[in-house]
Amino acid sequence: MTRHVVATVDEIPSGARKIVEVQGREIGIFNLEGEFFAIANRCPHEGASLCKGRIVGLVEADEPGAYRYSRRNELVRCPWHGWEFDIRTGKSWCDPRRTKVRSYDLKLEQGSALGEEELRAETFPVSVEKQYVVIEL
Amino acid sequence: MTTDPSCSAQRFAGAVDCDLHPAVPGMDVLMPYLDDYWREMVAVRALDRLNLSLTSYPQNAPLSCRPDWKPAGAGKPGSSLAAMQQHVLDRFQASFGILNCLYGGQAMHSEDMAAALCRATNDWIRDAWLDRDPRLRASIIVPAHNTELAVAEIERVAGDGRFIQVLLLVSGELTLGRRQLWPIYAAAERLGLAIGVHAGSAYRYAPTSVGWPSYFIEDYIAQSGAFENQLQSLISEGVFAKFPRLRVVMIESGLTWLSGFIWRADKTWKGVRAEVPWVTRAPSDILRDHVRFTVQPIDDPDEAEGLLRLVDHLKSDELFLFSTDYPHWQFDGDAALPPGLPEPLLQKILRDNPLAAYPRLAASVRSTEAEVSA
């Protein structure tokens, strides 16, 4: 397992995303009101760039016409076929058991807590003052 | 003369024939069931001169009556109970037969006239058919374009347990999922009646989605498209979410379009389900729980093989219900179902599936069995 510093926290505001590349894999980093999550930028259905899709809330209904809207900005819809994926878990709404996008563990670290080697490995300058998104892969 | 038992009439013994068409011979038989106002209107407005057969089944189209089932005299095909008994009920040793009267009354533009003719037709069906053969059950004909009158007719008739279904045309005035029709579904669910959706149009709109056809064959072939639209409407509008115990029987819908339908409906639902969030399961799952299909006309060239493939794709052997579609010409001889169907599937189609689709039928079987064992 190697730790990868992939973004600064302040470049991904709440409700936004950033797509990064780690060891040849594209990963989407999402900020849900201060909580950060990472999922693969590859839809398990046909391989589209899932993380470039529209960020939406969860729509449910107990009966026709009774719309229930919750979890604003916590799902992403694939730009190709519209399948919804839970950004927190990577599970699809329609088939959560079998159709999932890989999710990655990440940590938010203060620049001062990052090791020398990690700091050197990244392509952008890292400073001790800032907070960083770190993925272990 | 064939001796192959898989082709003989005996293999249908005990069947429930889910689609029989009794014909109203003429306005004269309905007159006793009309009130004074409508009796006078029949004379004044010359309603007795109208044929009132649904235009979807032109009387002289070959499909409208099997040649050897044509009455000898001038009578309409399907107007004789004795002929129906001889041709199908006795010949196939049916345990039950369900009468779906396709009469123009339900398609009249005047809501009141439609309601009056539906009332008269239902009463005539009770007296002239149900009372004369204990195997018979019937659908309630309703003026579906007036929900209040339709519900009133359902409630008026439903006290008689031999009415087991409410009949709607596949092409009426509305897509069938619309909420203004829901009181009909609420009444059906509450009273244990299935909703039967039968091929045919009230011709409020062109019978194809691309305009008026020139020929009967276009109209006839387009029917299955209307069934697809209505099935999708019922699912999308949430009828089955709202009425979880409702059963819908698609009658003369054809079957093979279902394969492409579930593929497209399920796939598309995954992408746009937020539009209809009350559709919480794949359309094919909902269909398996709520919708049934009568088997004639079987639109499959491969005989048993094709039907088995469809059962496999639909992941259910509980969807198809036996029907002869009497007197329409869908098969010859005794080939009401293709030969070579596995016995368990055959029994399901003939009896188990119809009993599961029609709660009132199942109830009368249970009470008969209780009488026998008592």
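The values are calculated or read from the model by the stated rules, or taken from the named source; none is laboratory data. Everything numeric in this text was worked out from a predicted model, so none of it was measured. Because the Cβ atoms are built from the backbone with ideal geometry, glycine has one as well, and the counts that use them run over all protein chains shown.
With the structure loaded, tell me whether B:ARG49 is within 30 Å of B:GLU218 (Cβ to Cβ), charged (D, E, K, R) and touching a Phe, Trp or Tyr at 6+ places or on another chain (Cβ under 6 Å) or whether it fails that test. So B:ARG49 fails the test. Filtered by the rule that a residue be over 16 Å from B:PRO359 (Cα atoms), of a type in the set (Val, Ile, Thr) and in contact with a strand residue (DSSP E or B) (Cβ under 9 Å, 6 or more places away or on another chain), segment B:238-257 gives B:VAL239, B:ILE251. Total residues in segment B:308-357 satisfying the condition of being of a type in the set (Asp, Glu) and under 18 Å from the mean Cα position of the chain (by Cα): the figure is 3.
Flag set for B:LEU341, criterion: modelled with pLDDT under 95, over 24 Å from B:CYS65 (Cβ atoms) and crowded, with 17+ Cβ neighbours inside 10 Å.
Please verify whether segment B:292-313 includes one or more residues that are more than 21 Å from B:GLY340 (Cβ to Cβ), within 14 Å of another protein chain (Cβ to nearest Cβ) and either in contact (Cβ under 8 Å) with a residue 12 or more places away in the chain or assigned to a strand (DSSP E or B) (or both). For segment B:292-313, residues more than 21 Å from B:GLY340 (Cβ to Cβ), within 14 Å of another protein chain (Cβ to nearest Cβ) and either in contact (Cβ under 8 Å) with a residue 12 or more places away in the chain or assigned to a strand (DSSP E or B) (or both): absent.
Restricting to segment A:72-108, name every residue that is at positive phi and either outside any loop (DSSP other than H, G, I, E, B) or within 14 Å of another protein chain (Cβ to nearest Cβ) (or both).
Within segment A:72-108, A:ASN73, A:GLY82 meet the criteria.
Only a single criterion out of (1) of a type in the set (Phe, Trp, Tyr); (2) modelled with pLDDT of 95 or more; (3) farther than 21 Å from B:ALA187 by Cβ is not satisfied by B:TYR205, namely (2). From the list B:ALA282, B:ALA265, B:ALA304, the one residue that fits, being modelled with pLDDT under 95 and buried (at least 16 other Cβ atoms within 10 Å of the Cβ), is B:ALA304. With respect to B:GLU173, is the statement that it is more than 25 Å from B:ARG137 (Cα to Cα), more than 14 Å from the chain's Cα centre (by Cα) and crowded, with 20+ Cβ neighbours inside 10 Å true? For B:GLU173, the condition - more than 25 Å from B:ARG137 (Cα to Cα), more than 14 Å from the chain's Cα centre (by Cα) and crowded, with 20+ Cβ neighbours inside 10 Å - is not met. Residues of segment A:43-57 being outside any loop (DSSP other than H, G, I, E, B) and within 12 Å of chain B (Cβ to nearest Cβ), which ones? The answer is A:ARG54, A:VAL56, A:GLY57.
Of all the numbered requirements in (1) in a strand (DSSP E or B); (2) in contact (Cβ under 8 Å) with a residue 24 or more places away in the chain, A:TYR69 misses one, and that requirement is (2). Among residues of segment A:7-18 that are over 19 Å from A:GLN110 (Cβ atoms), those with a Cβ under 6 angstrom from a residue that is aromatic (Phe, Trp, Tyr), sequence gap 6+ or separate chain, pair up as A:ARG17/A:PHE30.
Quick one: is B:ALA107 under 17 Å from the mean Cα position of the chain (by Cα), more than 18 Å from B:TRP38 (Cα to Cα) and crowded, with 24+ Cβ neighbours inside 10 Å? For B:ALA107, the condition - under 17 Å from the mean Cα position of the chain (by Cα), more than 18 Å from B:TRP38 (Cα to Cα) and crowded, with 24+ Cβ neighbours inside 10 Å - is not met.
Which of the residues that make up segment A:18-51 are charged (D, E, K, R), surrounded by 13 or more Cβ atoms within 10 Å (Cβ to Cβ) and farther than 14 Å from A:ILE135 by Cβ? Selection gives A:ARG42 alone. Residue count for segment B:347-374 satisfying the condition of being farther than 22 Å from B:ARG137 by Cα and part of a helix (DSSP H, G or I): 1.
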